[in-house]
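Working notes, beginning with the structure itself.
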Amino acid sequence: MWSLIQIELYKIFRRPRTYIAFGAIAALIVVIQLGLKIDGDAYAGFLMKDINDTLTVDGKVLNGYLICYILLQLLLVHVPLLVALIAADMISGEANLGTLRLLFSTPFSRTHWVLAKFIAASIYTILLLIWLAFLALFVSMWIFGTDDLFLMKSNYVVLIEQSDVLWRYVGAFVFASFSLLTVTSLGFLMSSLSSNSIGPIVGTMSAIVFFTILSTLNIPLFNLVKPYLFTTHMNNWKEFFDIKVNLDNEAIRGSILNIAKIKTSLMVLTLHIILFVTASVIIIKKKDILS
Amino acid sequence: MFGVFCYYYSMAVIKVENISKHFGALKAVDDLSFEVQAGQVFGFLGQNGSGKSTTIRMLLSLIHPSSGNIELFGKSIQKNRDAILEQVGAIIERPDLYPYLSATEHLQLFAKVRKKKIEASNIQNTLEKVGLANRAKDKVQTFSLGMKQRLGIAIALVHNPSLIILDEPTNGLDPQGIADIRALIQHLAKEEGKTVFVSSHLLSEIEQVAHQILIIHQGKKMVEGVTKELLDPERRIVQIKTTNDELALANIMTGSFGKYVLPRKEGIHLKLPTIEIASLNESLVKAGVAVLGIETKNSLEDYFLQITSNA
Amino acid sequence: MQTKKSKNILLYFLSLAISLFFSSTVIAQADPLIEKVSQKLAQVNDYVAEGIMKTDVAFIKASLGKVKVYFKKPNLLKIKKEGGISLLPRGGVSLTINTLLNTKQYTTIPAGNQVLNGKNLTVIKLIPTDDNLDWVISTLWIDPVEALVYKTATTTKENGSYEITMQYGEYAKQGLASKIIFSFNTKDYKLPNGITLEFGDEDPTAKQKALKNKKGTIEITYSKYTINKGVPNTIF
């Protein structure tokens, strides 16, 4: 099995297309960091408009930790589309190329191949996330320095001490990996249904957009299905950055407001991953390979 | 493995029993049965769309048969797939490869999926065998169709399999390339004792290498037999051209030559021993039929064309 | 008729004289209390205080933070959080009792007495005489015996009104509080979902608190004062 994974990784990283996503993420992040470095004070001023009426905020609000949070908010909505580029091509791309029949006539079962391909696609996804984490967090920390994380949510503000931030980002990135792996597995499933890659890539992107809209619109009818949609849970990495307060309204260091929400989301995402991959294996096992 | 090895020299390497494959209403393969003995070159002949590739894909478990059994090395392909395919090398239809990898990288990749370790020297030797040693490091996207075909064959051979399945191996090759592949097939069977299952629609090439042939048409077996017998020079296909085909045919049918007549849409064709040709001519002349010419053919291609056009 | 008119004029001037007499007497009595407080505070030229700051605003979740407070006569004050972001009421922090009284540019108006937390305190209003000062009026609740200010309520020109409540401990002799509570009005806080990309449910209790509670407090509990050791101006 490990040899199959090695082969799949080798093929993924020999293709120029693979590096588009890494380049796109780097370009996006650099542009945003540059913009915030030049004009960040105006942006921070806009965010803190309501607060500045009442309070004076002293300290480096626009520091690396906040920049990373802003970047993750923006990118973790769009990175799934980059993940789909590779994941949705894993099986259909080979079918289109005609090499699928070569692979499936080797002494490894289709299940082995499908799982190896999924694992390789997952490794690619994780590497993409690590790249994103490096640029968004560590490079931001280097450019903008560090201070407390002053998070301006829609209805309230969370101030997290410096020493209490980094582990939250580790948790958030681990969570984000589950979110992205769900997209990987969806793309993979789409890929197993087709003999060319355009359909699965477009299908995966469309599904994500469609379900994201269902997840974000506050319509009672949609509220029935929201808990079961993976897109509802994908952005709950933000829960790592909401803290509990005691009866005196003092924030409790090291706490997470809603751990149960994180656990539930992780479970839902994991179930989706298992479901999509299992479906892919079943489809491929039953399929006649005509390509 | 040892079981497979022992089996190899005792019974049929390929045993197909009554396999059929339906794609909806279309019967791609219809109740097909045959056996391939160890060390044979088996020619699987048919026009394009006759069911050859479908059959080969069923042998390699790429397609699930609608009914019937397939055994390779005496074991069911469905139940012992992995062990069986370790001993099989195949090229299926056109040589589709990874354009961004080189010839060597392809062989390294496909060597990796084999359970036995394949040395770098084996890879080099395989490339030499198919005439690609000087293009080993070039990316496949720079290859011609013929070179891709050679690489496809190399992939089938790199792990030294006992059974080699070649689907249209001479596609895209120039005459020298075709001759090289023919020589390779003969070498694999004679010198290395491999079983080679070759499919093609180019009968002129296969008849020179195959010990046994099977002709398939519209998914059905039309004929199967030892090549020598099917090409029996003593039994020629004779086409008679006369000024009065009706009279000639009537004469033949009423006489002793009637049993040799082959049903054809046009012309008068008989399959009869060579020694009888002169007698046939004499008979027709005596009946007042003016014989314009007698053509004889003994190539397998002609046999194939006749059978498939009659069907 | 003429007699009645003269009588009224006489009564008017008599009551004016009496009220002026009494007000001057009372002013004479209020000034000493303010003086007493000022004298106490005058012992302190500068200090560096270490403390813990607690922010209690409905729409803010913040933990306790270590702070250092720097003061230098007459009216320089700086609160610095040790590493990190601090939240302070806009414009209010600089107007502590030290900085208010050290300006010496005010008139005092007595406003009676009030019992606050079991203490009988004298209430005195200060009105700035210099138009350039940031504040409009300030009310002080002072213990007449200890000459300690327990509460101030100040209205500023540009930053609204706030209250400062003080508790005293070991540094009471120098008029330095062991705990200071800044209370101020808060405005609504809201950022559009399109900016924050928050489309899910946020903490519902935080939302409810924000709706109910329009006041915020910032408490500083002092653990240590370093008094009159010198504080460089660069701090401010």
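Computed from the coordinates by the stated procedures, all read-outs in this text should not be read as laboratory data. Predicted, not measured: the structure shown is a model, and the values here were computed from it. We place every Cβ from the backbone using ideal geometry, glycine too, and count neighbours over all the protein chains shown.
Things worth noting here:
- Fraction in percent of alpha-carbon pairs per bin - 20 Å, the protein assembly as shown: 12, 27, 20, 16, 11, 7, 4, 1, 0, 0
- Summary value for the range B:182-307: 27 percent relative contact order, contacts being C-alpha pairs under 8 angstrom separated by 6+ residues.
- Cβ-Cβ FRET estimate between A:Leu166 and B:His64, R0 fixed at 45 Å, reported to 0.05: 0.25
- The helix-only estimate of mean residue ellipticity at 222 nm for chain B, built from DSSP H runs of length n ≥ 4 each weighted as -39500 (n - 2.57), is -10000 deg cm²/dmol after division by the residue total.
- Overall form of the range B:144-260 per C-alpha gyration tensor (a/c, 1.5; a/b vs b/c): prolate
- With each label modelled as a point 7 angstrom along the Cα→C-beta vector, the A:Lys285-C:Lys179 pair spans 6.8 nm.
- Spin-label proximity, B:Met11 to the range B:181-214 - amide N less than 11 Å from point 7 Å beyond Cα toward beta carbon: none
- Across peptide B:123-132, the mean count of Cβ atoms from other chains lying within 10 Å of each residue's own Cβ comes to 0.
- Basic side chains Lys and Arg get +1 at the Cβ, acidic Asp and Glu get -1 at the Cβ, and with that the dipole of the protein assembly as shown about its Cα centre reaches some 2320 debye.
- Extension reserve of the C:Ile127-C:Thr234 stretch, reckoned as 0.36 nm per residue once the Cα distance is removed: 35.4 nm
- Summing charges over all other residues whose Cβ lies under 10 Å from the Cβ of C:Thr186, with Lys and Arg as +1 and Asp and Glu as -1, gives 0.
- Placing +1 on each Lys and Arg Cβ and -1 on each Asp and Glu Cβ, with no other charges, gives the range A:2-286 a dipole about its Cα centre of roughly 1420 debye.
- Dipole orientation for the protein assembly as shown: of the candidates A:Leu180, B:Leu262, C:Pro32, C:Pro32 has the Cα lying most toward the positive pole (charges on Cβ; Lys, Arg +1; Asp, Glu -1).
- Of all aspartates and glutamates in the structure, those lying under 19 Å Cα to Cα from C:Lys68, and not within fewer than 8 positions of it along the same chain, are A:Asp58, A:Asp147, A:Asp148, A:Glu161, C:Asp46, C:Glu50, C:Asp56, C:Glu82, C:Glu170, C:Glu219.
- Counts of other chain beta carbons within 10 angstrom of each beta carbon in peptide A:54-64 average 6.
- Zone of A:Arg14's modelled label, taken as backbone nitrogen in the range A:79-115 under 15 Å from a point 7 Å along Cα→Cβ: A:94, A:97-100, A:102-103
- Projecting the Cα atoms of C:Tyr106, A:Ala279, B:Gly146 onto the charge dipole of the protein assembly as shown, computed from C-beta unit charges around the Cα centre, puts C:Tyr106 farthest toward the positive end.
- Using the Cβ of B:Ala133 as centre and a radius below 14 Å, the other residues enclosed give a net charge of +1, where K and R count +1 and D and E count -1.
- In range of the label at A:Phe134: residues from the range A:77-121 whose backbone nitrogen is under 16 Å from the point 7 Å along Cα→Cβ: none
- Column: log10 I(q)/I(0), Debye, Cα scatterers of the range B:2-229, q = 0.09, 0.12, 0.17 Å⁻¹: -0.35, -0.63, -1.28
- Value of [θ]222 nm, deg cm²/dmol, for chain A, DSSP H segments ≥ 4, -39500 (n - 2.57) each, nearest 500: -22000 deg cm²/dmol
- Centroid-to-centroid, using Cα positions, the range B:198-265 and the range B:55-111 are 34 Å apart.
- The range B:2-229 - percent relative contact order, Cα under 8 Å, separation 6 or more: 28 percent
- Cα gyration tensor shape for the range C:67-179, rounded if a/c is under 1.5, else prolate or oblate: oblate
- Once the C-beta distance of B:Ile275 and B:Lys27 is scaled by a Förster radius of 45 Å, the resulting FRET efficiency is 0.60 to the nearest 0.05.
- Inter-chain Cβ neighbour average for residues A:105-114, partner chain, 10 Å: 6
- The GluC sites (Glu not before Pro) found in the range B:187-280 that occupy coil by DSSP, while having at most 12 further C-beta atoms within 10 Å, are B:Glu191, B:Glu234, B:Glu266.
- Net charge dipole size for the range C:36-186 [Lys, Arg +1 and Asp, Glu -1 on Cβ; Debye, nearest 20]: 280 debye
- The label point for A:Asn258 and the one for C:Glu146, both projected 7 Å from the Cα toward the Cβ, are 4.6 nm apart.
- Overall form of chain A: prolate. Here a/c, set by the Cα gyration tensor axes a ≥ b ≥ c, is 1.5 or more, and a/b is the larger of a/b and b/c.
- For the range A:40-90 versus the range C:163-182, the gap between their alpha-carbon centres in whole angstrom: 41 Å
- Span from the the range C:61-130 Cα centroid across to the the range B:277-294 one, whole angstrom: 135 Å
- Packing rank of A:120-129, B:17-26, where each peptide gets the mean count of other beta carbons within 10 Å, highest leading: A:120-129, B:17-26
- Here the spin labels are modelled as points 7 Å beyond Cα on the Cα-Cβ line, and at B:Glu295 and A:Leu34 they lie 7.6 nm apart.
- Pairs of Cα atoms in the range C:150-193 fall into 5 Å distance bins, from 0 up to the last occupied one, in shares of 6, 18, 19, 16, 13, 12, 8, 4, 3, 1, 0 percent.
- Each other residue within a Cβ distance under 12 Å of B:Ala103 adds +1 if Lys or Arg and -1 if Asp or Glu, for a net charge of +2.
- Cβ-Cβ distance of A:Phe210 and B:Asn122, R₀ of 51 Å, FRET efficiency by 1/(1 + (r/R0)^6): the value works out to about 0.50.
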